[in-house]
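Please read the structure below before turning to the comments.
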Amino acid sequence: GESVGLHLPTLSVQEGDNSIINCAYSNSASDYFIWYKQESGKGPQFIIDIRSNMDKRQGQRVTVLLNKTVKHLSLQIAATQPGDSAVYFCAETANGDYKLSFGAGTTVTVRA
Amino acid sequence: GAVVSQHPSWVICKSGTSVKIECRSLDFQATTMFWYRQFPKQSLMLMATSNEGSKATYEQGVEKDKFLINHASLTLSTLTVTSAHPEDSSFYICSARPLGTDQETQYFGPGTRLLVL
């Protein structure tokens, strides 16, 4: 499954399939990006981050891709599990500013 | 490591009363803590940046006299919603940036749900 975080805020994916969550950003000065997972009624949980000097970073079952040319960020989740159901937010900051700007969020629902 | 707690986890109050929410970094020190507000099915909106030993910096449109912030120590920041009204009902989330790091990563608390009747 694939979604554009700002234009298609929900994503339904079959358990076991890969998920792709997209995020567009507008600030060309943004140089640090983070993906957060937020389960219902809880605070955001750090998933993975990437700096602008990289275009890909991998974690456990997750990969973040950064395309600075088109100001686009994506989160790929491999073998999506029911526990992956949550809202996913991208966040960005620029020039060492510690204030984060959050995207609109994408709700991911995993079908059994 | 890097655990942030909030207290209370939820609170119901009458209109006109004040409510205090605590944010604690449990296993690290934080010079900077952030307060966010999140309405249902919306993203997190930064309200203010709390710095230990100095006045908080508020985002545009956030009333500093309405939302009082005190960062009394390197592990505790409090947000007081004064004279709360139903429109203040929301999910309030804090985050903390560890002392001594140049990384921008913030660790978030579990949030406090406020309902003003």
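The values are calculated or read from the model by the stated rules, or taken from the named source; none is laboratory data. No experiment lies behind these values; they were computed from the predicted model shown. With ideal geometry, Cβ positions are generated from the backbone for all residues, glycine too; neighbour counts draw on all protein chains shown. Areas reflect the complete protein model, heavy atoms only, side chains present, ligands, DNA and RNA absent. Shrake-Rupley method; radii C 1.70, N 1.55, O 1.52, S 1.80 Å.
Among the residues of the stretch B:58-66, are any under 21 Å from A:Q38 (Cβ atoms) and open to solvent by 10 Å² or more (accessible area, probe 1.4 Å)? Yes, the conditions are met somewhere in the stretch B:58-66. Scanning the stretch B:1-20 for residues that are under 15 Å from the mean Cα position of the chain (by Cα), farther than 21 Å from B:T75 by Cβ and not aliphatic (A, V, I, L, M) yields a count of 2. When only residues in the stretch A:79-94 that are in a loop (DSSP other than H, G, I, E, B) and either in contact with an Asp or Glu (Cβ under 7 Å, 6 or more places away or on another chain) or at the interface with chain B (Cβ under 7 Å from one of its Cβ atoms) (or both) count, which is surrounded by the fewest Cβ atoms within 10 Å (Cβ to Cβ)? Per the stated criteria, the residue is A:Q81. Name the residues in the stretch A:53-78 that are surrounded by 15 or more Cβ atoms within 10 Å (Cβ to Cβ), assigned to a strand (DSSP E or B) and of a type in the set (K, R), would you? Hit for the stretch A:53-78 is A:R57, nothing else.
Looking only at the stretch A:1-24, count every residue that is modelled with pLDDT of 90 or more and surrounded by fewer than 20 Cβ atoms within 10 Å (Cβ to Cβ) and tell me the total. Outline the logic, then answer.
At the first step, the residues of the stretch A:1-24 found to be modelled with pLDDT of 90 or more are A:10-24.
Next, from what is left, pick out any that are surrounded by fewer than 20 Cβ atoms within 10 Å (Cβ to Cβ): A:10, A:12, A:14-18, A:20, A:24.
The qualifying residues number 9.
When restricted to residues that are farther than 13 Å from B:F108 by Cα, β-branched (V, I, T) and surrounded by 16 or more Cβ atoms within 10 Å (Cβ to Cβ), the stretch B:7-52 contains 5. Looking across the stretch B:78-99, just one residue is within 14 Å of the chain's Cα centre (by Cα) and farther than 15 Å from B:M47 by Cβ, and that is B:R97.
Among the residues of the stretch B:94-105, are any of a type in the set (S, T, N, Q), open to solvent by 30 Å² or more (accessible area, probe 1.4 Å) and not in a strand (DSSP E or B)? Taking every residue of the stretch B:94-105 in turn, at least one turns out to be of a type in the set (S, T, N, Q), open to solvent by 30 Å² or more (accessible area, probe 1.4 Å) and not in a strand (DSSP E or B).
Taking only the stretch A:18-52 into account, find how many residues are part of a loop (DSSP other than H, G, I, E, B) and free of Cβ contacts under 8 Å to residues at least 40 places away in the same chain. Within the stretch A:18-52, residues that are part of a loop (DSSP other than H, G, I, E, B) and free of Cβ contacts under 8 Å to residues at least 40 places away in the same chain number 4. Any residue at all in the stretch B:75-86 that's in a strand (DSSP E or B), surrounded by 17 or more Cβ atoms within 10 Å (Cβ to Cβ) and touching a helix residue (DSSP H, G or I) at 6+ places or on another chain (Cβ under 8 Å)? Yes, because at least one residue in the stretch B:75-86 is in a strand (DSSP E or B), surrounded by 17 or more Cβ atoms within 10 Å (Cβ to Cβ) and touching a helix residue (DSSP H, G or I) at 6+ places or on another chain (Cβ under 8 Å).
When the residues of the stretch B:92-117 are filtered to those that are within 16 Å of B:Q6 (Cα to Cα) and of a type in the set (V, I, T), the one that is farthest from the other protein chains (Cβ to nearest Cβ) is B:T112. Please determine, by comparing only the residues of the stretch A:34-51 that are more than 10 Å from chain B (Cβ to nearest Cβ) and surrounded by 15 or more Cβ atoms within 10 Å (Cβ to Cβ), which one is nearest to A:L66 (Cα to Cα). That would be A:I50.
Determine whether the stretch B:83-91 contains at least one residue that is within 14 Å of chain A (Cβ to nearest Cβ) and either touching a Gly at 6+ places or on another chain (Cβ under 7 Å) or modelled with pLDDT of 95 or more (or both). Break it down stepwise before answering.
Restricting attention to the stretch B:83-91, the residues satisfying the condition of being within 14 Å of chain A (Cβ to nearest Cβ) are B:90-91.
The next check asks that each one be either touching a Gly at 6+ places or on another chain (Cβ under 7 Å) or modelled with pLDDT of 95 or more (or both); those that pass are B:90-91.
Checking the stretch B:83-91: at least one residue is within 14 Å of chain A (Cβ to nearest Cβ) and either touching a Gly at 6+ places or on another chain (Cβ under 7 Å) or modelled with pLDDT of 95 or more (or both).
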